[in-house]
Amino acid sequence: MSPIDYLYYLCFVFFAFGGSFFFKKGIVATKFLGLLFIVLGLQTFLNYYIRPEYLLIYPHFFRTVSPLMLTIGPLYYLFQQFLLYPERKFKPVLLLHFLPFALHVIEYIPFYILPTEVKILEIKEMISENTIYTIHSKYGWITMRNHLYIRFSSFLIYVTWGFVDLLKYYQSASKSFIKNNLLIVYWLFFNMGMKFIVMGLIIYNLIYPDKKQISLPWKDFFYLVEYVLMMLFMLFNPKLLYGPTLKGLIWQQALGRLDGLEEVGNNKDISVKIVSGNERERALLDTLNRYFETERIFLKPTLTLIEAARKLKVKPRLIRLALQSEMDISFSDYVNTWRIQYAEEQCRENPRWKNYKLEVVALESGFGTRQSFNSAVKKIKGVSPGQYFSEFLY
């Protein structure tokens with residue numbers, strides 16, 4: 001049995017894994033992960049039957065893999081986005097990512113409905129050219145070889161796009177937040193590294209093609225290795241699919257109004273204390289906090305309760321009740337707590353901030369005026385901004 005033969009069994013593993021996550025309750029990221037592995041399973045299954053020895057026996061599988069290749073990049077990119085930002089809502093406009101796939105399918109419909117005899121003639125002509133990327137096809141808007149370049153360009157764009165977004169996420173998040181989510185961040189970086197290796201192999205194959213281009217060597221499927229590793233990693237770490245955990249310093253100090261600010265600030269592993277135990281309000285508060293942590297909406301000086309509620313698609317009254325019952329805090333104080341803690345972390349960790357005057361610190365952390373900054377720090381921290389930030393600024 002050749003290594004390619006194992007693809008037949010691997011596809012069913014992908015189907016089972018993908019289906020289990022697609023129908024699993026959870027964040028939107030689980031749906032995209034499930035679809036990704038379902039597509040990989042289908043692609044792997046079809047690849048098995050479009051080998052040279054099977055092409056003339058199963059001609060209807062010919063050209064079915066090419067459109068599917070255009071979905072791998074978008075699916076992984078959207079999976080990463082909704083994993084890092086689990087509070088984001090799915091919008092129909094995101095379906096535009098799959099427009100190239102749809103157009104490719106439409107392009108090949110005339111070929112798909114051809115009778116078996118005609119398809120076999122097309123395949124034999126391709127075999128005579130000793131390449132599966134012929135430039136002489138009578139079907140399709142562009143040649144198969146150009147489709148190869150398009151698929152590679154699409155993959156390159158999405159991998160690069162995903163890497164840039166991941167890098168920005170890493171750079172923008174606080175150190176305490178990253179520290180408590182190292183596994184998920186480093187795992188995504190590892191996956192990106194694997195994808196760049198795959199792109200390198202693809203480029204190498206384009207520059208130095210095999211003499212027998214009609215064959216499908218095992219290296220053409222090397223990129224499946226990263227998804228096998230990804231699958232195994234998720235099986236052993238299923239909690240990652242709930243998105244980043246909320247154990248950052250900001251959240252702990254926001255709860256400081258309950259148990260004493262200094263005690264919470266010094267205890268990095270303190271658990272979240274729930275006042276009322278209302279599960280609905282607790283879930284809403286968790287959603288609100290995650291949204292503030294990942295989107296940093298508190299940096300907008302004009303942020304209002306109505307705007308935050310609209311972003312989360314809940315009634316403002318529910319947010320107000322959740323904050324009051326769970327934390328005994330108003331929405332404005334909640335927002336200002338995030339702003340103050342953000343300013344503190346930046347002054348502690350960012351050398352550029354250490355040279356800022358308090359007026360600049362106030363503006364950069366989301367306060368519209370120095371007066372509102374002074375009032376918030378005095379109310380929440382109990383001291384003036386000058387006293388509180390004296391240990392962080394030069």
Where does each of 73-84, 25-36 land if you order them by average Cβ count within 10 Å, highest first?
73-84, 25-36
Quick one: if the Förster radius is 35 Å, what FRET efficiency do Asn374 and Leu183 give, using the C-beta to C-beta distance and rounding to 0.05?
0.30
With a 1.4 Å probe and all protein chains in place, put Glu391, Glu293 in order of accessible area, largest first.
Glu391, Glu293
Between Ile207 and Leu96, how many nm apart are label points set 7 Å from Cα along the C-beta direction?
3.5
What three numbers, in Å, describe the spread of the alpha carbons of segment 1-153 along their principal axes, ordered from the longest?
53, 37, 25
Just read off the accessible area of Thr369 with the full protein assembly in place, 1.4 Å probe, to the nearest 10 Å².
70
Could you give the radius of gyration (one decimal) and Dmax (whole number) of the Cα atoms in segment 317-394, in Å?
13.3, 42
Rounded to the nearest 10 Å², the accessible area of Tyr6 at probe 1.4 Å:
130
Segment Ser384-Phe152, length gained on full extension (0.36 nm per residue, minus Cα span):
77.8 nm
Inter-probe distance in nm under a simple model that places probes 7 Å from Cα toward Cβ, at Val360 and Phe12
6.5
Length released on extending from Phe196 to Leu121, taking residue separation times 0.36 nm less the Cα-Cα span
23.2 nm
Taking the mean number of other Cβ atoms within 10 Å as a proxy for protection, how do you rank 353-365, 105-117 from highest to lowest?
353-365, 105-117
Would you kindly find the accessible area of Ser20, with a 1.4 Å probe and non-protein molecules such as ligands, DNA and RNA excluded, rounding to the nearest 10 Å²?
60
Once both label points are put 7 Å beyond Cα along the C-beta direction, the Ile109-Tyr58 separation in nm becomes 2.5
Gain on full stretching of the segment that runs from Ser128 to Lys313 - 0.36 nm per residue minus C-alpha separation
60.7 nm
With a sphere of radius 11 Å drawn around the Cβ of Glu344, what net charge do the other residues whose Cβ falls strictly inside it have (Lys, Arg +1; Asp, Glu -1)?
0
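The values are calculated or read from the model by the stated rules, or taken from the named source; none is laboratory data. Source: prediction; values computed, not measured. Virtual Cβ from ideal backbone geometry, glycine too; neighbours counted across all protein chains shown. Remember, those area values only see protein heavy atoms, side chains included, never the ligands or the DNA or RNA. Shrake-Rupley method; radii C 1.70, N 1.55, O 1.52, S 1.80 Å.
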